[in-house]
1. Between Ala255 and Val181, what length in nm is gained on full extension when 0.36 nm per residue of separation is reduced by their alpha carbon distance?
2. In whole Å, what are the Cα extents of segment 45-198 along the three principal axes, biggest one first?
3. Classify segment 628-723 as rounded, prolate or oblate, taking a ≥ b ≥ c as the square roots of the eigenvalues of its Cα gyration tensor: rounded when a/c is under 1.5, otherwise prolate if a/b is larger than b/c and oblate if not.
4. Once you keep just the Cα pairs under 8 angstrom separated by 6 or more residues, what percentage relative contact order results for segment 45-198?
Amino acid sequence: MDALGGAGERQLPVPPAARPAPLWAFGAGPDIAPDIAMVMRPPAAPRRLLARLRALMAGDEAPLAELVRLVASELVSEVCSIYALRPGEILELVATEGLYPDAVGRTRLRLGEGIVGIVAASGHLLNLPDAQNHPAFAYRPETGEELYASLLAVPVRRGGRVLGVLAVQNRAVRRYTEDEVEVLETVAMVLAELFAATTQDGAETIFTTTVQRRFVGTRLMGGIAVGPVILHGAGPPPRNLLASDPQAEMERLMAAARRMQSGLDELIEQSLSSVSEAESAEDGVSLDEGALSEGAKAASREVLEAYRLLAADSGWLRRVRDAVGSGLTAEAAVHRVSGEIREKMRKIADPYMRERLADMEDLALRLLAVLDGAEHGPVPPGAILVARRLGPAELLNWHGRGIAGVAIEEGTTGGHAAIIARALGLPALGDLPNLMDAVDEGDTAIVDAEQGLLIFRPEEEMRIAYLRAREASQAKLAHWAELRERPSRSKDGTPFTLMLNMGLTLELDQLDLTGAAGIGLFRTEIAMLAHGRMLDAREQAEIYDRVLTQAGDRPVMFRTLDLGGDKMLAESGVSVEENPAMGWRSLRVGLDRPAVMRRQLRALIQAARGRPLSVMFPMVATLAEFRAARALLQAEIERADSPPATLEVGSMLEVPSLLWQLSDLLAEVDFLSIGTNDLLQFLFAADRGTPALAGRYDFLSPAMLDLLEEVSIAAHNTGCRLSVCGEASSRPLEVLVMAALGISTFSMAASAFPAVKEAVSLCDLPALRRVLMSIRGGEKGASSYREPLVSWCREQGLDI
Ligand code: PEP
Ligand code: MG
């Protein structure tokens, strides 16, 4: 197979489910969607222009005057001009061929003013056959441009920033061809690097910009961080754009593409074999024994194979090759093509097409990484990670490398990256549409997660103000320490048990720091995600031992593995699914793979060695599932040399079906813990990771409160211990409302602990109970009770 294209006629396998023809097979003739076909149109090959540009750039002087002359002659345009963005959002004419030379330095436009201003403000090119009759045309007599009818203006962009505008003009009324547009865009890319280089060297100050970008997002974890941006997935634009030896460059590209291909082959082989063959080293039992249907195996194989084929021979790679053929370096060519893919993604709504384009973007990033030949370097102090999507394991990795904050374009409060951010106390924002397009590696950023704000390229005063605010909030944290000594009691004296959720041993110090009563949820899968693999029994036992030792007399509820959904581990045998949250995950995997589950239970028993042990099972949907899981635990207890001093077995309540077996379940469990994250998502059929649904269904809704009240009453009646460990117990108002419904044990992120404890200590619970009763008995049909409850709390002086 020709790894670098030429196989455009090939038909790729159709992925699972009835899909249209494989539209990512660019160049495949009549099936191609016009939008995508455009991405793959072969580029013009402005090799001569690029070669001359390269020679020009090798000189000592800032070559703007030469550059405009060169472009005008190559494009046969009568005018070529460069406008640079100056502080104060002013565009200044800094070089021209064809307009009056005196206009240089004099002609200025505001951002958004005139055609050039519109191009700079929007970041999109304008190709106008008759520019002077465009309603936005702003005539500047000092330029002499009244002679020219047609105009093509392209933004000079670097990352998400517009640094200026490059324009050509002609007397004739004409629309510039796509090849001409492409040539001008390539020159604009070179110009952007020139601007950036002159700015960084300090040799020129005119090419600076103070354009700030501000995003309003959702707070995933409070706090403030100020520092340089690191982009997750994409590196900075390449410095070296023009190849000195295009032939050698082509060979370098081909070698990198081959390396990428073989790396992918390996990865895919591993994934496929974990689907069908992975074995537990310790138990000698297949992880996968019989659980995946043949259809599911075939489907995941097909998806992976399609991805591999996409990497091998589709048009995107040919396009990169063409760009290298025209004189760009391999990095610049990949960067350029991935930029085009992203641009297309912005315009295409169809989820299937977007998915294919996302695959291509992913491949482009992989190829860039191979070309770089290097892993990410060390993280600069205070770094802020910016990502389109982020899994929990990746966030843990980045945290280990020292990031101070994170902004996730598609992040939601219920997603696992958010949960990890809260556990780590890492300021985090999510739900930030188009974020990745607006930011550049190395930009200064402020994450103000208190107000849900993300600011790029702040003015110096603003940056300093935020640094001060961060210091102040650290001082506030010290104030929280005082709270630690106070008993957990409401104003009227009702006792509470406040505990912590965690998943890493590095969080254990938080037990003493907060004064929490214990660990109400230890997410055992987090350590495996952090390691990126399943841990063996000895490794697991070591972790559980450390947890029990540091907790001392304080209780710890260990939750068995909850992998799947958005917590994927290649080896776990869980494959990519259409609907992972409701798929083969969590206890379902544990019961279908008893060897893995037994290994974990043995590790827990071994770690407890004569100490009390509490185990709970996640995602229990039926009483039978709970019984089956408990039977596995019981069998391991009977086999153990040194059983725990006491054993408590609990179930999580996350799947609504369990409500119809509640009284029987309560009679058999030692405790029940409500996982509000999954319960809310399944109650409302609203994916907890979908930004468009975030906040649509409120926890403080009639349905949820009726449900919680029923569970609370049932637990009281049977004398079964009840706690809440979902994210709702990290939110003061939600905790108070649940307390008013009779629940008094909550397990939460350490970062939320002080605020929850303070709110509890200031609340008059009987009064809240009365208010809640009257609100719930009032007008029917409300979708949330939040507003009246917040008003009441505020009247009571509660800072909710
Ligand atoms: C929950 O669903 O509320 C829960 C605590 O489990 P997780 O967030 O780990 O899915
Ligand atoms: Mg859950």
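1. 23.6 nm
2. 40, 34, 30
3. Prolate, because a/c is 1.5 or more and a/b exceeds b/c.
4. The normalised contact order for segment 45-198 reaches 19 percent.
Coordinate-derived values only; no laboratory data. If you're wondering where the values come from, they're calculated on a predicted model, not measured in any experiment.
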